[in-house]
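Engineer: The structure under discussion is supplied below as C-alpha cells; questions concerning it will follow.
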C-alpha cells in the first residue's frame, strides 16, 4: 500500500465517511458559508479521497477555512457528510505537523480583552495536537 | 449402511465423496440443465434433488443427509431479489446462515455446507461451483466428524 | 405398495453413449415397488410414449419413472401421456440422466453409477407419490379498479371494452386523479384536460362501468376469481340521481373558507363543491367539516336554492358488498410533505412552491386564472429558479431513496412553457442529473436548453434566503465550474419527490398484497410479471407500483387490463395441485407459516379436530389452494412438520435423500 | 426539580451574566441548577474523529457525575451543550468509543450514556412550558422586535442534537413571545457566524457576522439574542452593531430579577 | 408470600378466576412443584419461594382449554415466554389473570450441594420477600449456611431484568440479579478450536438419554406433536438405533425455537444429565442479534420473529460461517 493509499484509508477511518455514497449533487458546496475562501470546495473532498490525493488535501487552505458549522453535514442528502472528511484531514495534518496550525507564540496577539476562553480552548483543539 | 461403508474403506477402495445438492426448480435446476447442455462437466459425486424453491429445504433434510453419510450438502437458489416466489430465498438465507453457524459451533467443518445463488443463465457458475465444492469436500476428506457423532460415542 | 414402471431413454446416443442403459434397467428391476422396466431409443417419440401408455395399462402401473432428459423439457409430455393412459399425471417422475448425467460425464462407469442413483431417488419418490387433482374455482366476471386516476380509468375502459363489467372506486368526489390537475403534458405539450376529460366522460357513459366516487374500499375477503369487497360510499349529502349539476348551490354557499384540494390549497372553495368544472360525476358533495348547516344547524341555503331538491342533509354512509373476479390497485401518488426541508423556505415564503402548485398556477382554471404570478404580491416573476430532486434520491431520513422519475421532464416542460409565454423571464434549473430516457424525451429537454435558453446548472441549492424586499436569494452550487452561485429569484419551484398515496398501505393489508419499504405495491416479478401482485387476482396499475409518467402509466394500465381480461375470460380456474396443506391434528395454530407466505394463502380457522383421543375445537392453519403457489416456505417455518407440500412432501424428499446417500 | 449543571469555562469569566441570570431565574420557574462539584472544560469543539477518545473524557466525567447524582444534566453554553450531548450519544451508541472511554476512566460502573442532557431552553420548553414562563413574567418586553440567533451548535446535526427543526427552529421565537416581545424571523438565524475561526481569521468571521446582522436588521430586528458566548463575542464585533444579549439576560429582565444583583 | 396467597384467595372467592396456577409445597422445603388450585382451601398448600423456579407459562396452553379464567403467577422472565405464546396464539389472554410475582433470583439445590453441603433437611431464608443474603441450611451434619447468590440458578446470573413484560397486577418486589455476561459461555466456546468444540459437544451430548425433559418443559417447544414423534420425516423416535439422532434432535430442537426462545433456561434446569442445553439456544440468540439486530423474543406480543422475517441486505450464509 502506498503512503497516499494508507492516508486515504486513515482519513476514511477517522471520519467514518464512505466517499462512494456521494452522488455529486454539490449541496455541500451550495450550503457552505466559507466556500469562497476554499481552494478545494467541499464537494471535491470526496473525489480527492477516492483518488488518494491526500497531500493536496492536507495542504489545502480549506482546512483552516472550514467553520465547523455542520451545515454540509446536516443538509447532505446522501448522508456522506463531507464536513467529517475536512475535519479528518485537518486532524491528519495537525497530527503530522506535530505543532498543528497554531503556535502558542502567536496566540496572545490574536486576543483582545473580550476574547472568550471558549475561543482559545476550541482553537487549540481544532488546530493542534 | 454403516457396515457397508466401513467394509468399503477396508477394501481400500478409492473414497468418493457423497454430495447432495438441493436446487430450486426455477433458477438453479435450470442452471444445472444449462451446465449440462453446455457440456460443462462437474464431478458425478454431486447428486441433485429438485425442490420448488430453496426455501423448501428443511434443515431436517440436511441433517438427514449427513446422518446417512453425505460428505457435503449444497443448496442452490435464485439470486436474492429474483426468487420465483419473490421472497423464498430470503428466508433460506436466514435459516441457513443460522443453521450453518450452529453446525460450525458444534465443530462440524463449515466447508461441508454451502449456499450458492445460481440463476438459470449461469450454467458455467453452476459447474464451477460444483467443481469447487467437490474439491473442498475432497480436501476435507470423509465426513469423519459426523461419522464420529454417528457411531463412536 | 406401488406398481412402478421404469422407462430408460437412450436419447439416441445422447444418453446411451455414456450411460449403460441396460444396466440402469436391470438395477431398476431390483428396486422396491418396480414391477416393470425397459429402455427405448426415444422415449419422447410417439412410439416411446405408446410404450409407456401400453405398459401402464398392461402392467396395471400405479407409478412411472422416466429416466431421460430434464423434467423441464418433457415432464409435461410424459405426464400428459400417463394421463391419457388413465394414470394420474402426478404419479410420474423424471430422473434427469441427460443434462445432469450423460452430458457432463465422460466415463461410462461413473455416469452409469450416477444414473442408477438418480433412478433410485426417483423411484423412492414415486413410491410415496399420491394422485393429485387440480382444484377448480369459479370466476366472477366482474373487476374492481381501486383509484380513478388515469391508470384506473384506462384499465377500466380496456376491461369494459372487452365486455366485462368493471367498478371504479375513487375516494375523492370525482375521477380524474393527478392528471386532471396538470396543465400541459410532456413531451408533446398538449393540454392535459383535453386528452383526459374525454376518457373520463367515456368511462362514465360506458354501460359496463360503474363509478363509485367519494367511496373507499373497506374490506376484502376471498381469493382470485372470487373476491368479496365491502365498499363504503361516504355520505355525499347530495342525491346523485336528482342533481343536475347546475352549480347554483356552490355559488350561493355562504361558507367559502375551505382550501381547494384540487388547487393544492392555493384557492378557496365553498363547503358544497365539485373539485373542478369538468368533474365526473358533475355532482357536488358537502364537506361537513366546513358546512355551516352541519356545524351550527342553521343555514340550509343550498337546500333552498337547489332546483332539483337534491340536497339531503340526512344522508348517511352506505356500505355495499359486491363480488369480483379480479382487483386492480391504481391508487396513484402524492407529493411528499416539505415540512422538513425548510432550507428551501417553503414554509416561510409563499413564492416558494411545488411543481404541482405551479401546474395549478399555470392552468387557466387555476387560482390565478392561468397567469404566472407570485402568490405573495401578484407580480409576474422575472427570475425563476427550479430545484430538482427535493426529497428524491436521498439516503437520509427526510427523503426517499428512489428517483421520482417524472421531475426532470416536467421541469423541462415548465421551463419551456414559461420561456415561451413570458420570454422576459429568466429560468434557471439546478439539477443533479437530467434523466430523459423515453421517446422524444431527450430531444424535449435539449429544446429547453437550445431553443428556449433555459439555464441548466449542475448542482444543488443549499439554501433559499428570503430577503426583506420580498425576493428570494438562492444560494446554489455549480459543480462543473466549481463555484457557488447566488441568484436573486422571485419565485422558486421545488420538484418535490412523489410518494405512493398513503391509502396504498392500508389497501395492501386488505388485499394481502405486499408493499416495499417505500410503500409502493410490489409486483410478482420485477421483470416478468410487472403488473401482477404476488397475490393471485390482484393487479397493479400506475404509480402505486413505482414512479411513472403518463405514457408508461397508460401502457401499464392496459397491460393490467389484459391480465384481468385473461382471468375473467375463464369460467373456472384450475389450481396448481402442488400446494401446501396443514395436518389439522398436528397444527399448533402458531401463525409461523402465515408469516412467511408471500401470497396470503394461509388463514386460520377454529375447527373441530378429530383424531384418536382428540375431539376439540382448535385454531388451525387452512391453506387456500387457489392462492398457494407451492413454494414450500411454510413447510420449513412450521416447527411440528404439520405443514407439508403435495408433490414435494417431507417424506418424498427424505426418501430421495436416503436413496442418494446409500 | 433539581438539575445537575455544567456551566463551562466561559460562563465562569467572560459570560458570567449568561450563567448568573440563568441560576437566578430558575427558582422562579420552579427548578434549581446544582453545579457539578468538579467539572472540566468540555474542550469547546466536538472532536469528529472516530479515534478521538481523550478529548471526550471530560464530557464523560461530567455525564457520569450527573448520573451518580441521579439527575438530568443541564447546560447553557451552546458549545458545551453540543459537545456533551454528542459525546453522550457516542457513549450510548458507539461501542468503540464507549469501550475505550470506559477503559480510560475505569469508573466503578461503566458509563453507557444513561444521563439525559438538556439545554436550559429545553427545560423552559419541555419541563416548565413557555405558557408558565409567560405567567411568571413581571416586566414584559412589549414592542421589542427581537431576532433569535441560533447559530450552528444547538441545531446541528439534528439527528443527535434533536433540539429543534434544524431548518425552521421555533424554540427561541417561542421564548421571545413568552417574555412579551415580538420575534423576527430572518434567514441567517441558523447560519454560521464564523465563531470558531475568529481567532485566526478575524476577517472571515467578521464577514459572516456582518451577513447575519445585515439580514436581521433588514427584517427589522432591534436586538439579537443568543445562547452562545462565542456568537455573542463575534456578533458584537460586526458592522451593524446591533445590541446582542444572552437570552438569560432578557429572561431575568422579564422576570424582574434585578439587573445588578 | 402471605400477601400473594391472600390475593389469590380473594380472586378465587370473588369468582374472578376459576383456578390458580402456582406452586404446591413439595415433600421437602426445596422441591415445590407446579400445580393448579381450584379453591381457597386447596391454596393452603400454595407456596412461593426461592425454589419456585419453574416457568408456568407453558401450562397456560392447557389452561386455555379449561372453563373460566386462570390466575397464573409469572416471574419477570416467565412473562417473556407468555408473550411469545400469545404471539403464537397458544394461550388465551382473555382467560388469563396474570399476577407478576416478585423475584430476587431462583435457587438451585444442586448448586448448594455442589458447595459441599450434604444431607440437607431444610433451608430457610428462601422467601421471595425476604432480603437476607444468606441461606441457613439444616443438615444431618448440623447447621450450614451459604450466600443466596451462590445458590442461584445459572440463568439468574444473566437475568434480563426485573420488569414484568405483561401482567394484570404485580405483587412483590423484584431485583436485578445480573452479575454475569449472558453470552460469555458461548463466546468461550467460539474462541476454541473446532476440534475442541467438537469434543466438548460430543462429551456433553453423549450423556443424553432422550428423556425429553427439555422438550416437555420448554415453553417454546410446545408442539401438539413433535416432529420427532411423527412419521413425516421418517424420524419417529427409535430408541438409540442411531445415535446421530440425538445430535440432530438437539440441533433441530434449538433451530425450531430459534427466534422464539426467550432464554428462560428451563431446558438446562431440568436436564437430569446436566447437559448445558441452553448453549444451543444462546448461540442462536447471539447469532440473531449479531446478524439481524438485537431481538428479544417475548419482549412484546407483536414483533416479527427473525426467522419469519428478512431484510434485503441480510448476510450470506457463507460470509457468516467464515466469520466475515
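Engineer: Work out the P(r) tail for region E:1-144: percent of alpha carbon pairs separated by more than 24 Å, whole number. Intermediate results must be reported in sequence, preceding the final value.
Structural biologist: Numbers: 3610 of 10296 pairs.
Value for region E:1-144 (Cα pairs over 24 Å): 35 percent.
Engineer: Okay, moving on. Give the calculated FRET efficiency between residue E:311 and residue D:12 to the nearest 0.05, with a Förster radius of 41 Å applied to their Cβ-Cβ distance. Spell out each step's value before the answer.
Structural biologist: On the way: r = 50 Å, r/R0 = 1.23.
Taking R0 as 41 Å, the efficiency between residue E:311 and residue D:12 is 0.25.
Engineer: Report relative contact order for chain C in percent, whole number only (criteria: Cα-Cα under 8 Å, sequence separation at least 6).
Structural biologist: On the way: 1467 pairs, mean separation 85.9, N = 662.
The normalised contact order for chain C reaches 13 percent.
Engineer: Let me ask something else. Principal axes first, then extents: for the Cα atoms of the protein assembly as shown, list largest minus smallest coordinate on each axis, whole Å, largest first.
Structural biologist: That works out to 105, 97, 80 Å along the principal axes.
Engineer: Just the projected area, averaged over all directions, of the convex hull on the alpha carbon atoms of region E:184-322: how many nm²? Walk me through the numbers on the way to the answer.
Structural biologist: Values: hull surface 38.5 nm².
Projected over every direction and averaged, the Cα hull of region E:184-322 covers 9.6 nm².
Engineer: Can you sort E:210, C:316, C:29 by how many other beta carbons sit within 10 Å, fewest first?
Structural biologist: On the way: E:210 15, C:316 9, C:29 12.
Lowest to highest Cβ neighbour count: C:316, C:29, E:210.
Engineer: Ok, one more. Taking a virtual spin label 7 Å from the Cα of residue C:295 along the C-beta vector, which residues in region C:260-279 bring their backbone nitrogen under 16 Å of it?
Structural biologist: The answer is C:260, C:268-273, whose backbone nitrogens lie closer than 16 Å to the label point.
Engineer: Taking 20 °C and 1.002 mPa s as the conditions, I'd like the Stokes-Einstein D for region D:117-261 in µm²/s, using the Kirkwood hydrodynamic radius from alpha carbon pairs.
Structural biologist: 139 µm²/s
Engineer: Something else now. Using Cα centres only, tell me the gap between region A:22-78 and region C:606-641 in whole Å.
Structural biologist: Value for the Cα centre distance between the two parts: 60 Å.
Engineer: I've got another one for you. Taking each pair of different alpha-carbon atoms in chain C once, compute 1/r for the pair, average those values, and report the inverse of that mean as the Kirkwood hydrodynamic radius in Å to one decimal. Walk me through the numbers on the way to the answer.
Structural biologist: Details: mean 1/r = 0.0339 Å⁻¹.
Final number for the Kirkwood radius of chain C is 29.5 Å.
Engineer: Please list log₁₀ I(q)/I(0) at q = 0.10, 0.18 Å⁻¹ for region C:4-126, using the Debye equation with identical point scatterers on the alpha-carbon positions.
Structural biologist: -0.24, -0.81
Engineer: Let me ask something else. Mind pulling the angle between the C-alpha long axis of helix D:202-218 and the longest principal axis of chain D? Nearest 10 degrees, somewhere in 0 to 90.
Structural biologist: 50 degrees
Engineer: Please compute the modelled spin-label separation between residue E:93 and residue D:131, points set 7 Å along Cα→Cβ, answer in nm with one decimal.
Structural biologist: For residue D:131 paired with residue E:93, the spin-label model returns 3.4 nm.
Engineer: Can you give the mean number of other chain Cβ atoms that lie within 10 Å of the Cβ atoms in peptide D:224-232? Can you show the working numbers first?
Structural biologist: Values: counts 0, 0, 0, 0, 2, 5, 6, 1, 2.
Across the residues of D:224-232, the mean count of other-chain Cβ atoms within 10 Å is 2.
Engineer: Follow-up question, since we're still on this one. Evaluate the Kirkwood expression for the hydrodynamic radius of region C:506-607, namely the inverse of the mean inverse distance over all pairs of different C-alpha atoms, and round to one decimal in Å. Before the final figure, lay out each step's value.
Structural biologist: Values: mean 1/r = 0.0641 Å⁻¹.
Evaluated over region C:506-607, this radius sits at 15.6 Å.
Engineer: Zone of residue A:4 (label point 7 Å along Cα→Cβ, backbone N under 17 Å): which residues in region A:54-92?
Structural biologist: What the label zone holds, given the 17 Å backbone N cut-off, is A:54-60.
Engineer: Among A:112, A:13, A:87, which one moves the most in a GNM of chain A with springs linking Cα atoms closer than 10 Å?
Structural biologist: Judging by the Gaussian network model, the answer is A:112.
Engineer: Same structure again: Of B:26, B:117, how do they rank once you tally other Cβ atoms within 10 Å and put the fewest first?
Structural biologist: Working: B:26 22, B:117 25.
Least crowded to most crowded, the residues run B:26, B:117.
Engineer: Calculate how large, on average over all directions, the projected area of the Cα convex hull of chain E is; give the answer in nm² to one decimal. Before the final figure, lay out the partial values.
Structural biologist: Details: hull surface 74.1 nm².
Dividing the Cα hull surface by four gives the mean projection, 18.5 nm².
Engineer: Say each of residue E:157 and residue C:1 gets a label point 7 Å from the Cα, pointing the same way as Cα to Cβ; how far apart are those two points in nm?
Structural biologist: 6.0 nm
Engineer: Taking region C:580-646 on its own, what percent of its Cα-Cα pair distances exceed 17 Å?
Structural biologist: So the pairs more than 17 Å apart make up 33 percent of the total in region C:580-646.
Engineer: Taking the Cα-to-Cβ direction at residue C:76 and at residue A:110 and moving 7 Å from each Cα, how far apart do the two end points lie in nm?
Structural biologist: 7.9 nm
Engineer: Follow-up question, since we're still on this one. Compute the orientation-averaged projected area for region C:334-499 from the convex hull of its Cα atoms and round it to one decimal in nm². Don't skip to the answer; put the middle values down first.
Structural biologist: Values: hull surface 38.4 nm².
Its average projected convex-hull area is 9.6 nm².
Engineer: If you don't mind, another one. Radius of gyration and Dmax for region B:6-148's Cα atoms, expressed in Å?
Structural biologist: 15.0, 50
Engineer: Another question, if that's okay. Using only Cα atoms, figure out Rg for region C:552-615 and give it as a multiple of 2.2 N^0.38 Å. List each step's numbers first, then the result.
Structural biologist: Values: Rg = 18.8 Å, N = 64, 2.2 N^0.38 = 10.7 Å.
Relative to the rule-of-thumb radius for its length, region C:552-615 sits at 1.76.
Engineer: Using the C-alpha atoms of region C:141-228, what convex hull volume per residue, in cubic angstrom, is computed?
Structural biologist: 100 Å³
Engineer: Most mobile of E:283, E:144, E:75 per a Gaussian network model of chain E (Cα springs, under 10 Å)?
Structural biologist: In the Gaussian network model the winner is E:144.
Engineer: Still on this structure: Between helix E:76-87 and chain E, what is the angle of the helix's C-alpha long axis to the longest principal axis, kept within 0 to 90° and rounded to the nearest 10?
Structural biologist: Around 60 degrees separate the two axes.
Engineer: Another question, then. For q values of 0.18 Å⁻¹, compute log₁₀ I(q)/I(0) with the Debye formula on a Cα-only model of region C:270-378, without solvent.
Structural biologist: Results for region C:270-378 at q = 0.18 Å⁻¹ read -1.10.
Engineer: Based only on other Cβ atoms within 10 Å, what is the fewest-to-most ordering of E:316, B:132? Write out the running numbers ahead of the final one.
Structural biologist: Details: E:316 16, B:132 13.
Lowest count first: B:132, E:316.
Engineer: Helix-derived [θ] at 222 nm for chain C: sum -39500 (n - 2.57) over DSSP H runs of at least 4, divide by residue count, nearest 500? Walk me through the intermediate numbers first.
Structural biologist: Details: 17 runs with 181 residues, N = 662.
-8000 deg cm²/dmol, from helical runs alone.
Engineer: From the gyration tensor of the Cα coordinates in region C:316-357, what semi-axes in whole Å does the equivalent ellipsoid have, largest first, with each one equal to sqrt(5λ)? Please report the intermediate quantities before stating the final value.
Structural biologist: Numbers: eigenvalues 314, 40, 16 Å².
Semi-axes from the Cα gyration tensor: 40, 14, 9 Å.
Engineer: Under 20 Å from a point placed 7 Å out from the Cα of residue E:183 along the Cα-to-Cβ direction: which residues of region D:109-132 have their backbone N that close?
Structural biologist: Residues D:110-113 qualify, since their backbone N sits under 20 Å from the label point.
Engineer: What average number of partner chain Cβ atoms lie no more than 10 Å from the Cβ of the residues making up D:163-174?
Structural biologist: Working: counts 0, 0, 4, 7, 14, 9, 1, 0, 0, 0, 0, 0.
Rounded to a whole number, the mean comes out at 3.
Engineer: Would you mind giving the mean number of other chain beta-carbons within 10 Å of the Cβ of each residue in C:352-362, as a whole number?
Structural biologist: Mean partner-chain Cβ count within 10 Å for C:352-362: 0.
Engineer: Under the classification rounded if a/c is under 1.5, otherwise prolate if a/b is larger than b/c and oblate if not, where does chain D fall, given a ≥ b ≥ c as square roots of the Cα gyration tensor eigenvalues?
Structural biologist: On the way: a/c = 2.01, a/b = 1.35, b/c = 1.48.
Because a/c hits 1.5 or more and a/b fails to exceed b/c, chain D counts as oblate.
Engineer: Right, something else. Expressed in whole Å with the largest first, what are the equivalent ellipsoid semi-axes of region D:1-151 derived from the C-alpha gyration tensor as the square root of 5 times each eigenvalue? All intermediate terms of the calculation are to be shown ahead of the outcome.
Structural biologist: On the way: eigenvalues 187, 52, 36 Å².
Whole-Å semi-axes of the equivalent ellipsoid: 31, 16, 14.
Read-outs: derived from the displayed coordinates by stated rules, not from any lab. Remember, predicted model here, so these are calculated numbers, not experimental data. Ideal geometry is used to build each Cβ from the backbone, glycine not excepted, and the neighbour counts take in all protein chains shown.
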